[in-house]
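Notes follow the structure.
The values are calculated or read from the model by the stated rules, or taken from the named source; none is laboratory data. In this text the structure is predicted, and so the values were computed from the model without any measurement. Note that each Cβ is placed from the backbone with ideal geometry, even for glycine, and that neighbours are counted across all protein chains shown. Surface areas here come from the heavy atoms of the whole protein model, side chains and all, with no ligands, DNA or RNA. Shrake-Rupley method; radii C 1.70, N 1.55, O 1.52, S 1.80 Å.
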Amino acid sequence: MRLIKKTLKWIVVAFFASTILSVVALRFLPVVVTPLMLIRCYEQVKAGEELKLSHDWEPLSNISKDLPIAVMASEDAKFLDHHGFDYQAIEHAAKRNREHPEKRKLGASTISQQTAKNVFLWPGRSWVRKGFEVYFTALIELMWPKERIMEVYLNSIEMGNGIYGAQAVAEEHFNTDAKDLTKAQCALIAATLPNPRKFSSKNPSAYMLKRQKRILREMKYVERMATSRTAAN
């Protein structure tokens, strides 16, 4: 029994030490590969498809200033104000899902949560994975500034089949660089993020174009809020 307790103790210590060190390291180092990228490669090989992994790290300064605004307008308008979790959105999603179980499940993940999931975890909806997501979200919010969270998010998120990050999607879908993406292109990319393997920013459907217009309108609001917050600080 003593050996078991000692072993469990060292497992817990090793877990916290390794995860904290990983978060500290990635505060400064580029994220070269993520678990999701490896999982998608495995799925491609298993399905007999051509292996594709398009990913080029770019610092936030080399990405269009409109892209962070677009993804906040689409995914997380309160990103600059919350500490990793949007409790109002979580409550709203839980209520909607409870009252309308027949509809598609409504999510409430923030950009911080999506970053934690993309960089440190695997896809899935189990309570175990969700628990790890909460843990890593708290860590990155504690140790990374918002600019770094956004930088990692825009470089690691899936933006198409085998396409990860702003530079890759700019090259693949718009034949340009991330820094030269237009406001309309940024809104279109953001419009696909709920399901970038189903929705395409290269060949957008009428539904995608409708979402793009809505995001373009909401970008004005998010931009004003970001400007006000910067001025207040």
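Numbers below:
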{"quantity": "Pairs where the first residue, in segment 65-86, is on the phi > 0 side of the Ramachandran plot and the second is open to solvent by 40 Å² or more (accessible area, probe 1.4 Å) and at pLDDT 95 or above, C-beta under 7 Å, 6+ apart", "calculated": "Gly84/Ala138"}
{"quantity": "Qualifying residue in segment 24-40 (condition: in contact with a Leu (Cβ under 7 Å, 6 or more places away or on another chain) and assigned to a helix (DSSP H, G or I))", "calculated": "yes"}
{"quantity": "Options Ser74, Ser18: the member that is part of a helix (DSSP H, G or I), touching a helix residue (DSSP H, G or I) at 6+ places or on another chain (Cβ under 6 Å) and modelled with pLDDT under 95", "calculated": "Ser74"}
{"quantity": "In segment 144-175, residue nearest to Ser74 (Cα to Cα) [restricted to those that are outside any loop (DSSP other than H, G, I, E, B) and open to solvent by 50 Å² or more (accessible area, probe 1.4 Å)]", "calculated": "Glu147"}
{"quantity": "Among the candidates Ala191, Ala206, Ala187, residue that is over 30 Å from Val23 (Cβ atoms) and without any contact (Cβ under 8 Å) to a residue 40 or more places away in the chain", "calculated": "Ala206"}
{"quantity": "Those residues of segment 187-207 which are assigned to a helix (DSSP H, G or I) and more than 19 Å from the chain's Cα centre (by Cα), in sequence order", "calculated": "Ala206, Tyr207"}
{"quantity": "Filter pass, Glu43 being open to solvent by 40 Å² or more (accessible area, probe 1.4 Å) and free of Cβ contacts under 8 Å to residues at least 24 places away in the same chain", "calculated": "yes"}
{"quantity": "Exclusive hit being more than 15 Å from the chain's Cα centre (by Cα) and within 24 Å of Pro123 (Cβ to Cβ), set Ala70, Ala89", "calculated": "Ala89"}
{"quantity": "In segment 1-24, the residues that are under 19 Å from the mean Cα position of the chain (by Cα) and among the hydrophobic types (A, V, I, L, M, F, W, C)", "calculated": "Val23, Val24"}
{"quantity": "Residue satisfying all of: in segment 136-186; of a type in the set (Ser, Thr, Tyr) and within 12 Å of Ser112 (Cβ to Cβ); farthest from the chain's Cα centre (by Cα) among these", "calculated": "Thr137"}
{"quantity": "Pair list, Cβ < 9 Å and 6+ apart or interchain, from segment 4-32 residues that are over 18 Å from Phe132 (Cα atoms) to residues that are of a type in the set (Phe, Trp, Tyr)", "calculated": "Arg27/Trp144; Pro30/Trp57; Val31/Trp57; Val32/Trp57"}
{"quantity": "Candidate set from segment 176-204 (those that are of a type in the set (S, T, N, Q) and open to solvent by 20 Å² or more (accessible area, probe 1.4 Å)); member that is farthest from Leu154 (Cα to Cα)", "calculated": "Asn203"}
